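For reference, the structure is listed below as structure tokens.
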Amino acid sequence: MAAQNGKDLLIKVDVTGDGQFSTMAGLRASRVSFNAETVDVTSLESAGGWRELLGGAGVKSAAISGSGVFKDDATDERARQIFFDGEVPSFQVIIPDFGTVEGPFQVTSLEYAGSHNGEATYELSLASAGQLSFVGL
């Protein structure tokens, strides 16, 4: 697989609640991470004293973060609405030459910053709030 453009890793939000996704405006950097907790089932009988983990157990989660230029676009307004209303709408993460991850996420952090001689910026953090689906290319 050839190297991919970072700008092609897209975060999209369901703007209207009916499955119409729009790319979050102004993002310059984005990140997605997948996590799985382990369930330790090590006992005195564990071979050689090595730790044993229970396969398929534990809680899975995903986190999305992004930062960019504040544009006061419809997606910026939607992110604010999601945060203040405590909604958990669907988001999509487009991973170039890999596929799309989709599911409910909660906005856990929304930050705005700016300096007198620079642009206004924002940072966004999301936590998975239900089962995610993956559709490969």
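Values as computed for the structure displayed
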quantity	calculated
Condition check for Gly118: within 24 Å of Gly6 (Cα to Cα), surrounded by fewer than 13 Cβ atoms within 10 Å (Cβ to Cβ), free of Cβ contacts under 8 Å to residues at least 24 places away in the same chain and not aromatic (Phe, Trp, Tyr)	yes
Residue check for Asp40: in contact with a Phe, Trp or Tyr (Cβ under 7 Å, 6 or more places away or on another chain), at pLDDT 90 or above and either closer than 14 Å to Glu123 by Cβ or not basic (Lys, Arg) (or both)	no
Any hit, the stretch 1-11, residues being under 16 Å from Leu124 (Cα atoms), over 19 Å from the mean Cα position of the chain (by Cα) and either in a helix (DSSP H, G or I) or not hydroxyl-bearing (Ser, Thr, Tyr) (or both)	no
Search result, residues across the stretch 16-66 that are exposed (fewer than 13 other Cβ atoms within 10 Å of the Cβ), of a type in the set (Gly, Ala, Ser) and closer than 30 Å to Glu119 by Cα	Ala29, Ser33
Residues being over 21 Å from Thr16 (Cα atoms) and touching a residue at least 40 places away in the same chain (Cβ under 8 Å) - total across the stretch 67-108	6
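The values are calculated or read from the model by the stated rules, or taken from the named source; none is laboratory data. Bear in mind that the values here come from a model prediction, so they are computed numbers and not experimental data. Note that we place each Cβ from the backbone using ideal geometry, even for glycine, and neighbour counts take in every protein chain shown.
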